[in-house]
Each structure stands twice: as C-alpha cells, then as structure tokens.
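The values are calculated or read from the model by the stated rules, or taken from the named source; none is laboratory data. Remember, it's a predicted structure, so these values are computed and weren't measured experimentally. Glycine gets a Cβ as well: all are built from the backbone with ideal geometry, and neighbour counts include every protein chain shown.
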C-alpha cells in the first residue's frame, strides 16, 4: 500500500497512539494497545504491514533492552528479604501451572512438546505490568507487594533458564548422546560467558561507568551498546539474544549509576517494544487463531483463577492472612511478555506451530486485560468474596502476627495509621515535639525499623475491614490516618464511629474535595500534604521575590534556622561551631527573645531557640541546615522579609573605589554587610574585610530596611 517503509511505520505509529489513548481511557496496559495495533494492521485486517524485517529488527533491539533493564534492576536482596515465601510461591505456582496446564493443552490436541511449551508459557507473569500497577496503587511496599515482586523475580529467572535449555536442545535433531554433548558444550560456553562478564564486572565496568558518568548521554549510549553487544554475543554462542542482554543488565546492576541508566532507558525500551508487540499482533493469523478462541478462553480461566488459588494456598499454609494471599495471588493472574518471547523462540526453533503461538498470544491478550481490572479493583473484589477465602487462612496466621510485634503502650497522644514517607516524616516531627506516638502499618520492614527506635507499632492492613478491631484505639487521644485513599479513610471514619471512639480524628486528603468530605463526616483535622508543601514553597518563593529585586541575579541563598534543644552547638560560641570553614556560610543576624543581634562576633554564644539568619551559596546553606538540625520555627520568626538588599556598582567617582571593606566601615557606620561581589566573570561570595574594591565591581549589601535606606541617602 505504501511506497516507502517510512510512510508505513509512521501510519502504524499513529494508529498505535490513537489506540493507546483509547486503551489508557479503559485503564488497560499499553501492551494491549500495541497488540491491538498489530492485529489491526496485520494480514487479518488492514494488511498495512509489509516491512516485517525492519519491524522485526526494532523488535529484537526492544527485547534486548527489556531484558537488559530487568537484569539491571535485579536486586537479589529483595528475594532474601521476602524469605522463603517468594521462592515457595514462585516455584510452587510454576510447578502447579505447568503440571495442570500440560494436561489441559494435551487434551486440546496439541503435541507433547507443544503442550509443554503452552503450559510453561502460562506460568510467567509480567513483572513490568505488575510493578507498574502496584506502584500506581501505592502498594509496591506493602507486604503483598514485596512478596509479589519477590516471586515475580523468581519467575523471571526461571524463564531465563528455560530459554537457555530450549536453546541448548535446538531443533531436537540428533541422537541422545549428541544432544547431551550439545547441552554440556553449551553449559561450558555459558560458564565461559559468565566468567567473562564477571571479570568485567569486577575490574572494568565500575571504572568505565564512573568515567562515563560525567557525560550522561555517553553513559546511556554505552548502556544501549552494551545491551545489544551482549545480546549478539549470547546469540553467537548459541544462547538467545535475551540471555545475553539479561547478563548485560546484571553486570551493571551493582553499579552506582544503574538507576540513572534505567530511568533513561525506560522510554527507549518502551518505544522499541511497541514494534515487538505490533510484530506479534500482526503475525496473529485469525485463520488459525479463530479456531483457538474456545481453547484460549478455557486456558485464560485456568490462569485467572488457578494461578491465584495456588498462591493463596501456599501463602495460607505458610501462615499469611487470606487478604495478603489474595492480593499477592492476583498478580499472577495473567501471562507476560516472557510467555510471548518464549513462544516465539519455540516457533523459531520449530518446536511449536502457529496454532500454539496464536493460542498463547490470545491467552496473553485476554488475561492481561482482565487481570488489570482485577488488580485495580482488588479491594472491592476482596470485600465481596472475603467470607469464601477463610479456607486459605490458618486460625492463627503467625507470619503476620509476629510482624505485629510488641503491644502498644497503655496511653499515647497519637496513633498514626500508615508509616510511609509522609507518615514517617510526620511521626519524626511529632517525636521532636515530645509527643507520645504509636504506629500502624502493613509493611513488616517499616515496623521493624520503628520498633528498633523504641516506638510501639502494630501490624494493620488498612484495606482489611477487621483491622480496627485489633487496634488499641481507646488508648490514644488522636487517630491520625496518613493514608491517601478516600475509600479507606471513609471506612476508618465509619468504623471509629461504630466503636464509639471519643478522641480526635485526623485524615489525609489529596485535594480540596476530599478535605470537605472528611470534615463533613466528622474529621477534626484534615491534613493536605500536597497543598501544605506547595504553600510552603510559595512562601519561600514570595520571600525571595520580596528580598531580591528583579534586576538582581545573585547565586546566594538566605535562610533562617532555629537551633534545637538537642543540637550539639547549643551553648557554644560561633567560632566553636566553625560553620564558616565547614560550609562557607556567614551568620548575618541572630534573633533571641525578640532582640536582634546584627553581625554577631565570633564570641557570641548560641542558645536553644536562637533564630540564625545565614547567607551563602545554596549548597552551603543546605549543608549548614543538616549540621544544625533545622526544625519548624515557633513564635516570632526572624524572617528574611525583615531585611532588605541593595546592589551598588563601583564607578570612577564612587567613594568606595580602591578602598577595602574594613576601611569604609559599612558595618560600623551603617549596620549593613557586603555578602557578595561580582567582578567581571568572578563571583566573590562573603568577601573578606581586606578585599580592595575595583571599578566595575557590583556589591550586594544586606541590612535592615532603614539601614539600607540610610546608605542609599549617603551615597546619593
């Protein structure tokens, strides 16, 4: 239809974008859009695709980058922290699905090898899709999220091993002895490849990535080249391109730059994977896929129901609650890109025919679509079927009971539900204000961290309607929920009313609409982290605008820091803090009990509650904040608004020309301070008193507004 491959690919990409918009509106993964684009543009429908070789090349590079990024983000510590449950559920689900899936496929009329391929393809779940969905729901750090990521990584490693074995046996030709020799030979080559990569990991790659890190574009280019080269090497040695790319990712996984590389590669990977899934969809021949629809529906039901059931059974047997098992089990209710890659490998090796390939692709499309909805609405689904899941929970689910640890103290000021980033920061600030707190969270690792700090914590899954029953709510004056989920917060409000809780309730809202809803339903305080943070940022920017005139462009920050009671600098003299040498900042004023001390001398003693106004470069100010342990000010603040700034240019007629700062006595005569000089291209921050002023110098001066005005008047 098109005379040039560029026109063909541009039309295909445009269709993918349109279908992608529709799919996102339906809350589906983009993989569905890519597959749909391939089906629509393939021979079964519009027959737009003719350049299979070019699209296939893009697809192969995309697969290599996909496996490279998986290897790059492989964190073996994650599997260790989730303990035996990740290995047990990962391997248990693989064995269960392979065993029963084989007999189902064989009963459908497929060959032994074809049935084995289909059953193995049904075992793998998409790490990428699941991690994305869990991250969107903010459940990636929940107990079930950690377990799910653990056994998904186990599945990924099994998939890689399966591809190695299948590549080793090749087309299956030859005697049994030659096949064994072939396997041994490829194992030897595999060991050699591992040794080669291991030596590079140890002696070459750390230094090379450190050198390239100064040029991030070059670092990304190297990463792509390394992924493709390792993929080519793996293919040349008799492995698949995927295995080589995966090893390439692992070789950089211990690098300090892996997050930078992964973040930069995600967009490139997703773009190239578009062609892989379009290629798969376009090769789906409905003349063969049509008769497989009934088989695909049956196998999809097996994946959507059977896989979660086996995960729930294993986790229940190991002592986890039914809800944790259910939430983790839903993550295996679909097949993944690995399943499609494995089937493609089998088709290329001649192990399976197009019927089996079409069947696996159809099951992938069906399960990916339906399981996405199951995960998105997992909470509502659980509420409906929770009574029927009791068989998957022991009478005493000791794994999570152990996680709950110590009992809460008899009485606390606040019980904080949710110890994520916002909740932990809130708890830390409350502790600084001498408040007695207890915490509730569903992440055992977070609970252990707080327990080690001596804070009483209990395990509680906010999505479980029964969790309020196990909390000591009547021993706390406040219940504070930092959970940013409207349904969960409304459930908390409802349950607390049912329990006739007499204390105060604080909930966290994501917008003004939620805030009004909570207030109308009885919340005494509504926390708005996004609005509060933006308001604080707006205040900081407003102060900066008020302080710095628009025609001034100085690389200087001004910040007030309040000295805490527990600071190691409390009671010390300024010269003993050595802040000037440590950070490069200068203390221009100190406020104490309503009295202002301008330009305090080195012998000035600091006391708790002092408000210190510092001037310096942005990084220096941040360093000083870390040293002095900044907290929010209370009482009258020493705001930068109480000061003014002035810029003076030294001209031929200026009385300051060729004089030092100490000679002109700006501080003594006018109570102002020179905090910066711009001299040509040079920037002198916090100049010394012996600095000689030259023609063309621009001086930045800070002081109280009346002092600045007096200086302006004297200079004319």
Open item on the list: Quick test for you: out of 352, 341, pick the one residue that is assigned to a loop (DSSP other than H, G, I, E, B), out of contact with any strand residue (DSSP E or B) (no Cβ under 8 Å at 6 or more places or on another chain) and under 18 Å from residue 117 (Cβ atoms).
Closed with: 352
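Residue-wise test of (1) surrounded by fewer than 22 Cβ atoms within 10 Å (Cβ to Cβ); (2) touching a strand residue (DSSP E or B) at 6+ places or on another chain (Cβ under 8 Å); (3) farther than 20 Å from residue 297 by Cα; (4) not assigned by TED's automatic domain parsing to the domain that holds residue 302.
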site: 325; (1), (2), (3), (4): no, no, yes, no
site: 332; (1), (2), (3), (4): no, no, no, no
site: 335; (1), (2), (3), (4): no, no, no, no
site: 348; (1), (2), (3), (4): yes, no, yes, no
TODO: Can you tell me which residue among 599, 543, 576 is at pLDDT 60 or above, touching a helix residue (DSSP H, G or I) at 6+ places or on another chain (Cβ under 7 Å) and not assigned by TED's automatic domain parsing to the domain that holds residue 516?
DONE: 599
Open item on the list: Tally up the residues in the stretch 671-695 that are over 27 Å from residue 597 (Cα atoms), outside any strand (DSSP E or B) and in contact with a strand residue (DSSP E or B) (Cβ under 7 Å, 6 or more places away or on another chain), please.
Closed with: 1
- [ ] Please determine, by comparing only the residues of the stretch 133-158 that are buried (at least 18 other Cβ atoms within 10 Å of the Cβ) and assigned to a loop (DSSP other than H, G, I, E, B), which one is modelled with the lowest pLDDT.
- [x] 142
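One line per residue, one yes/no per condition, for (1) at pLDDT 85 or above; (2) surrounded by 19 or more Cβ atoms within 10 Å (Cβ to Cβ); (3) in contact with a helix residue (DSSP H, G or I) (Cβ under 6 Å, 6 or more places away or on another chain); (4) farther than 24 Å from residue 62 by Cα:
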site: 170; (1), (2), (3), (4): no, no, no, no
site: 174; (1), (2), (3), (4): no, no, no, yes
site: 195; (1), (2), (3), (4): yes, no, no, yes
site: 214; (1), (2), (3), (4): no, no, no, yes
site: 223; (1), (2), (3), (4): yes, yes, yes, no
site: 226; (1), (2), (3), (4): yes, yes, yes, no
site: 235; (1), (2), (3), (4): no, no, yes, no
Open item on the list: Anything in the stretch 1-30 that is in a helix (DSSP H, G or I), within 30 Å of residue 133 (Cβ to Cβ), touching a helix residue (DSSP H, G or I) at 6+ places or on another chain (Cβ under 6 Å) and touching a residue at least 24 places away in the same chain (Cβ under 8 Å)? List them, or say none.
Closed with: 12, 15, 16, 30
- [ ] For residue 714, state whether it is farther than 23 Å from residue 580 by Cα, in contact with a helix residue (DSSP H, G or I) (Cβ under 8 Å, 6 or more places away or on another chain), free of Cβ contacts under 8 Å to residues at least 60 places away in the same chain and not assigned by TED's automatic domain parsing to the domain that holds residue 613.
- [x] yes
Open item on the list: Against the definition (part of a loop (DSSP other than H, G, I, E, B), modelled with pLDDT of 70 or more and over 18 Å from residue 527 (Cβ atoms)), how does residue 454 come out, yes or no?
Closed with: yes
- [ ] For residue 299, work out the one condition from (1) at pLDDT 85 or above; (2) over 22 Å from the mean Cα position of the chain (by Cα); (3) surrounded by fewer than 24 Cβ atoms within 10 Å (Cβ to Cβ) it doesn't fulfil.
- [x] (3)
Open item on the list: Among the residues of the stretch 492-502, what is the count of those that are more than 13 Å from residue 481 (Cβ to Cβ) and either under 30 Å from the mean Cα position of the chain (by Cα) or in a loop (DSSP other than H, G, I, E, B) (or both)?
Closed with: 3
